[in-house]
Amino acid sequence: MRKKIVAGNWKMNLTLAQGEQLINDVLAAGLHLKEGQEVVFATPFPYLVKAKALLKNNPGFFLASQNSASEKSGAYTGEVSAEMLQSVGVDYVILGHSERREYFQETNAVLAKKIDLALANGLKPLFCCGEPLEVRKAETQNEYVAKQLEESLYHLTVEQLKNVVIAYEPIWAIGTGLTASAAQAQDMHAFIRAQIAAKYGREAALNISILYGGSAKPSNAVELFSCPDVDGGLIGGASLVAADFVAIVKALA
């Protein structure tokens, strides 16, 4: 059955020393991960090699990049390729995060290229999708998310899809003062799973992990993770505090 995953996205935060301390504090918490449970650290690029060394010999703990390039290699100053990430031991790569879409104008077509390169280099894409406030207000969120899935994922084979994790971001509920209820999260997760089933079949839909990428925190993680189609979370701010992140991981149980 599908994996249960808590992934911490540090974004552009922490120094190397602070990041090292955070990982060590989480590892020292004595988390006992069950079979099929994973914890993922998505660190900034400069910290990936150090983080990989810290996570060595810790089963169930994995490393993610927060992004990768849409080109294989070449004269792209400042970019980091999927091949480079694979060479330093990265396991996952976050693609299509709402901040990348908004601030860097990443399109569904560009993300399809990134996903292909990630898979070709043995990385597991953690593909983000989700709707902004105006779309939610217009009640067209299902159509919006369905288009993101179709234009970035539906060229994949069912075998390739087995290495993809989806994260649903209710952008309208992040930093706006609004909150997405567990019922709203479950509704969209169930819709996404139904879309995958329609395209790839019931077995593929049952086996794909779909994470909640809203403002998950210790106070609501248990309720969110109890939803039948929510398989964990992509955690932002709470992943920067070891005690909070550990509490969220424990909520997987």
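Using unit Cβ charges (K, R positive; D, E negative) and no other charged atoms, how large, in debye to the nearest 20, is the dipole of the chain about its Cα centre? Don't jump to the answer; show the numbers that get you there.
Details: 23 positive and 26 negative charges, 91 e Å.
Rounded to the nearest 20 debye, it is 440 debye.
Say the cut-off is 32 Å between C-alpha atoms; which of K72/K250; K56/K199; K3/K147 go over it? Provide the component values of the computation, followed by the final result.
Numbers: K72/K250 38 Å; K56/K199 37 Å; K3/K147 25 Å.
Violating the 32 Å Cα-Cα cut-off are K72/K250; K56/K199.
Where nothing but the Cβ of Lys and Arg (+1) and of Asp and Glu (-1) is charged, how large is the charge dipole of the range 131-223 around its Cα centre, in debye to the nearest 20? Write down the numbers at each step before the final one.
Values: 8 positive and 11 negative charges, 34 e Å.
Roughly 160 debye, rounded to the nearest 20.
For the chain, with the dipole built from +1 on Lys and Arg beta-carbon atoms and -1 on Asp and Glu ones, taken about the Cα centre, which of A69, Q86, L156 lies farthest toward the positive end?
So the residue we want is Q86.
Could you tell me which of rounded, prolate or oblate describes the range 122-253, using a ≥ b ≥ c as the square roots of the eigenvalues of the alpha-carbon gyration tensor, with rounded for a/c under 1.5 and, failing that, prolate when a/b is larger than b/c and oblate otherwise?
On the way: a/c = 1.83, a/b = 1.28, b/c = 1.43.
Cα axes put the range 122-253 in the oblate bin.
Compute the accessible area per residue over the chain, keeping the other protein chains in place, probe 1.4 Å, unit Å². Before the final figure, lay out each step's value.
Working: 11700 Å² over 253 residues.
The answer is 46 Å² per residue.
Under 1.5 on a/c is rounded, so check that first for the range 5-70, then, if it is not, pick prolate when a/b is larger than b/c and oblate when it is not; a ≥ b ≥ c are the square roots of the alpha carbon gyration tensor eigenvalues.
Details: a/c = 1.94, a/b = 1.33, b/c = 1.46.
Because a/c hits 1.5 or more and a/b fails to exceed b/c, the range 5-70 counts as oblate.
With no solvent and one point on each alpha carbon, what is the Debye value of log10 I(q)/I(0) for the chain at q = 0.08, 0.11, 0.12, 0.13 Å⁻¹?
-0.27, -0.54, -0.65, -0.77
Nearest 500 deg cm²/dmol is fine: what mean residue ellipticity at 222 nm does the chain get from its DSSP H runs of n ≥ 4 alone, each adding -39,500 (n - 2.57), divided by its residue count? Could the numbers behind the result be given before it?
Numbers: 12 runs with 110 residues, N = 253.
The per-residue figure over the chain is -12500 deg cm²/dmol.
With +1 on the Cβ of every Lys and Arg and -1 on the Cβ of every Asp and Glu, and nothing else charged, how large is the dipole of the range 69-191 about its Cα centre, in debye rounded to the nearest 20?
Details: 10 positive and 17 negative charges, 29 e Å.
Charge dipole of the range 69-191: 140 debye, to the nearest 20.
List every residue whose amide H lies under 5 Å from the amide H of K124, counting only residues 5 or more places away in sequence or on a different chain, with H placed 1.01 Å from N in the peptide plane.
Y92, V93
The values are calculated or read from the model by the stated rules, or taken from the named source; none is laboratory data. Given the structure is predicted, the values throughout are model-derived calculations rather than measurements. We place every Cβ from the backbone using ideal geometry, glycine too, and count neighbours over all the protein chains shown. Ligands, DNA and RNA are excluded from the accessible area calculation, which covers all protein heavy atoms including side chains. Shrake-Rupley method; radii C 1.70, N 1.55, O 1.52, S 1.80 Å.
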